[in-house]
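Participant: Structure provided below as structure tokens; questions to follow.
Readers should treat all values here as calculations from the given coordinates under stated rules, not as data from a laboratory. If you're wondering where the values come from, they're calculated on a predicted model, not measured in any experiment. When we count neighbours, we look across all protein chains shown, and the Cβ atoms used for this are built from the backbone with ideal geometry, even at glycine.
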Amino acid sequence: MLKTRIILVVVSAIVIWLIFLLPKAVVENEQELTKADSASSKTASAMPTTHASVPQALLQSIKNLRVQFAKSTDEKNAIFADSLQSLYRQASQFDSAAWFGEKAATFFNTTKSFLKAGTNFYDASTFAMDAQKQKALAEKARLWLGKVVEANPKNYEARIKVAMTYLSSGAPMQGIGQLRGVLAEDPKNELALFNMGMLSVQSGQNSKAIDWLKQLEEVNPNHIQGELLLGVAYANENRKNEAKAQFEKVKKMSSDPAVQSTVESYLNDLK
């Protein structure tokens with residue numbers, strides 16, 4: 001239960017952080033998204049180090065398991081890697097979780113192990129600040145989540161995450177096409193609608209963003225991130241009254257400090 005709560009908080013923080021950055025990094029049109037770094041990079045092959053920010057009890061559990069991982073081989077090694085993956089994810093260290101998850105997935109060769117590894121690579125890529133590292137992690141995420149989609153094309157969450165990996169890999173229009181494909185099959189998919197809204201804001205197509213986010217609002221009027229992003233789209237369109245009303249609405253929807261801080265920042269910008 002604690003692990004799930006930690007993950008939910010972290011994922012929410014990622015989304016709020018991304019929304020907070022959007023107005024400061026809007027590109028002029030969708031074609032601008034096709035620009036990508038030509039340099040390629042690989043995920044580090046060395047075993048990841050532990051992280052000082054990990055709580056002491058969790059850090060000790062990780063250290064103990066790493067000792068066993070280093071000494072074991074074959075199936076036991078994979079079992080320890082899977083356990084380390086879970087512990088690092090609980091510690092919100094997704095890059096390390098992904099490294100061990102790949103070790104486990106390579107051995108177990110199951111859809112479940114593919115999903116775990118791919119999800120960790122995806123979350124690690126979301127946190128990565130370096131463009132080359134982000135690209136490398138996104139490509140790994142696409143590799144493992146692609147195996148999940150191959151086994152089950154109706155796993156829309158995996159398909160959406162695969163689509164989003166193209167944004168940092170030089171083929172954003174392919175990702176957008178895949179998102180539209182999900183919506184063609186599942187028009188009320190909240191994650192796809194939200195991502196289409198966010199991508200529209202990022203590409204400066206705020207009127208389209210408003211359309212996508214209003215659709216999301218019809219599906220789920222309590223989608224806080226979607227309601228917040230709708231306020232951003234209104235603000236970018238210079239529809240100040242609607243933006244202010246939207247941000248005030250979001251303030252009443254959530255007492256989360258991250259949400260409150262972000263809303264206040266936008267309201268101050270509108271003064």
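Participant: Could you sort the peptides 246-252, 56-62, 206-212, 193-199 by per-residue average Cβ neighbour count (10 Å cutoff), highest mean leading?
Facilitator: The packing order, highest mean first, is 193-199, 206-212, 246-252, 56-62.
Participant: How far apart, in nm, are the 7 Å Cα→Cβ label points at Asn152 and Glu237?
Facilitator: With each label point 7 Å from Cα toward Cβ, the separation is 3.7 nm.
Participant: Right, another one. Charges only on Cβ, +1 for Lys and Arg, -1 for Asp and Glu: so what's the dipole of the stretch 54-173 about the Cα centre, in debye to the nearest 20?
Facilitator: Computed about the Cα centre, the dipole is about 80 debye.
Participant: Could you tell me the calculated FRET efficiency between Val67 and Gln260, based on Cβ-Cβ distance and R0 = 35 angstrom, to the nearest 0.05?
Facilitator: Computed FRET efficiency for Val67 and Gln260 comes out at 0.25.
Participant: Could you estimate the translational diffusion coefficient of the stretch 76-137 from the Stokes-Einstein equation, with Rh from the Kirkwood formula over C-alpha pairs, at 37 °C and 0.692 mPa s, in whole µm²/s?
Facilitator: D = 292 µm²/s.
Participant: I've got another one for you. Quick one: compute the contact order of the stretch 137-182, relative version, from alpha carbon pairs under 8 angstrom and 6+ residues apart, as a percent.
Facilitator: Reported relative contact order: 34 percent.
Participant: Subtract the Cα-Cα distance of Glu75 and Ala131 from 0.36 nm times their separation in residues, and report this length gain in nm to one decimal.
Facilitator: Result for the pair: 16.7 nm of gain on full extension.
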